[in-house]
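Visitor: Submitted below is the structure of interest, expressed as C-alpha cells.
The values are calculated or read from the model by the stated rules, or taken from the named source; none is laboratory data. As the structure is a computational prediction, the values presented were derived from the model and not from experiment. Every residue, glycine among them, receives a Cβ derived from its backbone with ideal geometry; neighbour counts consider all protein chains shown. Each accessible area value is taken on the protein alone, full model and side chains, heavy atoms only, with ligands, DNA and RNA left out. Shrake-Rupley method; radii C 1.70, N 1.55, O 1.52, S 1.80 Å.
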Amino acid sequence: LSFPCRATPPQRAAPACALLPRPSALALLQQPPPPIDASARRWNITRPSRWHPKTYPVPSGRSRRARGLPKKLKTNRAAAQRFKLRGDGTFTHKAAGKAHLQAGERRRATLAKKAPRVVTHKGLAKKLRRLLPYA
C-alpha cells in the first residue's frame with residue numbers, strides 16, 4: 001500500500017520477549033517441578049478445575065465396589081421437597097388448599113392448614129423411606 005498524502009506508518013519495535021532465547025524442550029523437562037502448596041498435597045491434587053478456581057482431588061482409581069463400600073442411593077428430589085422426616089420417624093407434609101381461593105373459607109379451616117400433616121398411611125411411609133434413603 002502506498003500513502004500518497006500521508007507519511008509512511010511508523011514501524012513497530014519487536015517486543016522484549018521476542019529477543020530472549022526460547023528454552024528447548026529438554027531444558028524445560030530438566031527443570032524441577034513447581035512447588036505444590038500444602039492443601040494440594042493433602043488432597044493429592046495434580047491439576048486445577050476448569051469451572052472452579054480451587055483445585056479438586058484426583059480420584060483414587062478404585063471403585064466403591066472394589067473398596068468394599070455400599071452403592072450410593074439417589075434421593076428422589078420431588079419427595080424430598082414435599083416430605084420431611086421428624087425425629088420420631090414419621091413423615092410430615094404441608095396441607096393442600098393454601099395456594100389460592102381461600103376468601104370464602106372459615107378462619108379456623110385456613111389456620112388448620114398451616115400445621116404440618118403427619119403421614120399415617122403405612123404403605124406411603126414405606127414408599128417414602130425408599131424414596132428418601134438419607135432423610
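Visitor: I need the full set of residues from the range 114-135 which are among the charged types (D, E, K, R) and outside any helix (DSSP H, G or I), in order please. Break it down into steps so the answer makes sense when it comes.
Guide: Initially, the range 114-135 is screened for residues among the charged types (D, E, K, R), giving 114, 117, 122, 126-127, 129-130.
Of everything in the range 114-135, those that are among the charged types (D, E, K, R) and outside any helix (DSSP H, G or I) turn out to be Lys114, Arg117.
Visitor: Where residues in the range 95-113 are in a loop (DSSP other than H, G, I, E, B) and over 38 Å from the mean Cα position of the chain (by Cα), which of them is surrounded by the most Cβ atoms within 10 Å (Cβ to Cβ)?
Guide: Across the range 95-113, the extreme among qualifying residues is Gln102.
Visitor: In the range 76-94, what residues are open to solvent by 70 Å² or more (accessible area, probe 1.4 Å) and assigned to a strand (DSSP E or B)?
Guide: Answer for the range 76-94, where residues must be open to solvent by 70 Å² or more (accessible area, probe 1.4 Å) and assigned to a strand (DSSP E or B): Lys84, Leu85.
Visitor: Could you look through the range 118-129, keep only residues that are within 34 Å of the chain's Cα centre (by Cα) and open to solvent by 100 Å² or more (accessible area, probe 1.4 Å), and pick out the one that is farthest from Ala78 (Cα to Cα)?
Guide: If we take residues in the range 118-129 being within 34 Å of the chain's Cα centre (by Cα) and open to solvent by 100 Å² or more (accessible area, probe 1.4 Å), then Lys126 is farthest from Ala78 (Cα to Cα).
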